[in-house]
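Heads up: the structure comes next, in structure tokens.
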Amino acid sequence: DQQVKQNSPSLSVQEGRISILNCDYTNSMFDYFLWYKKYPAEGPTFLISISSIKDKNEDGRFTVFLNKSAKHLSLHIVPSQPGDSAVYFCAASVTGTASKLTFGTGTRLQVTL
Amino acid sequence: NAGVTQTPKFRILKIGQSMTLQCTQDMNHNYMYWYRQDPGMGLKLIYYSVGAGITDKGEVPNGYNVSRSTTEDFPLRLELAAPSQTSVYFCASSYPQGAQEEGGKNIQYFGAGTRLSVL
């Protein structure tokens with residue numbers, strides 16, 4: 001039972017263009033959502049998050065959008081840079097559960113020159 | 001600060017052997033976690049701890065044991081290793097002591113991982 005789904009295993013985008021990574025969830029109890037970035041042979045690193053009481057959160061080139069009714073969130077990267085090439089994981093948590101995270105399967109982003 | 005440190009980085013085990021994956025954090029975090037990541041999959045929670053002396057099962061605890069005798073250390077023990085335990089293991093921590101618990105909004109910080117093969 002995959003409660004957090006990232007249906008696109010990979011995405012290729014040209015440098016300077018927008019990257020849009022998508023994530024769907026099924027558990028309506030999730031109230032906090034995070035994106036992590038992972039380079040090969042490294043651990044995931046936190047990128048950006050959003051609470052369920054908001055529909056948008058922005059941090060520099062990164063913006064996360066949340067559509068609660070559709071149980072869908074997306075990460076926008078504008079403009080995309082070669083250093084953004086990595087695997088991006090969507091994760092979700094429920095308040096009061098020791099910040100345990102449920103992860104999606106990840107999307108590999110390749111930013112080409 | 002080193003953050004979350006995992007040792008070893010790589011290990012090959014024979015079926016039936018045992019080993020301990022070490023994890024230590026120097027951020028004075030209350031919460032610690034162990035995840036495994038199989039190829040093409042997301043991270044799955046094995047065990048977690050909300051403080052010294054307190055541990056609880058995650059989604060995939062079978063074949064593993066943990067202990068939390070100090071705030072800093074959270075070792076993961078594999079008894080009778082099986083090929084199904086071939087994976088990359090990540091340790092993480094969150095929620096600084098003395099900070100306000102933000103009801104699940106605490107960011108987790110991860111170690112670099114241990115790549116384990118059981119042959």
Computed over chain B, the relative contact order (Cα-Cα under 8 Å, seq sep at least six) in percent reads 35 percent
Per the Cα gyration tensor, chain A corresponds to an equivalent ellipsoid with semi-axes, largest first in Å, of 23, 15, 13
Which entries in the list A:71/B:9; B:14/B:44; A:100/B:14; B:9/B:44 go over 28 Å, if you measure between the two C-alpha atoms of each?
A:71/B:9; A:100/B:14
Counting each pair of different Cα atoms once, what's the Kirkwood radius of the stretch B:18-58 in Å, rounded to one decimal?
11.7 Å
Once you have the alpha carbon radius of gyration of chain B, what is it after dividing by 2.2 N^0.38 Å, with N set to its residue count?
1.02
Treat the stretch B:59-99 as a sphere of radius equal to its Kirkwood radius over Cα pairs and apply Stokes-Einstein at 10 °C in a medium of 1.306 mPa s; give the translational diffusion coefficient in µm²/s, rounded to a whole number.
128 µm²/s
Could you work out the relative contact order of chain A, using alpha carbon pairs under 8 angstrom and six or more residues apart, expressed as a whole percent?
37 percent
Semi-axes a, b, c in Å (a largest) for the protein assembly as shown, each sqrt of 5 times a Cα gyration tensor eigenvalue, come to 29, 21, 16
Note the buried accessible area between A and B here, summed over both chains, with a 1.4 Å probe, in Å² to the nearest 100.
1800 Å²
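The values are calculated or read from the model by the stated rules, or taken from the named source; none is laboratory data. Given the structure is predicted, the values throughout are model-derived calculations rather than measurements. Accessible surface is based on the protein model in full, side chains and every heavy atom, while ligands, DNA and RNA are left aside. Shrake-Rupley method; radii C 1.70, N 1.55, O 1.52, S 1.80 Å.
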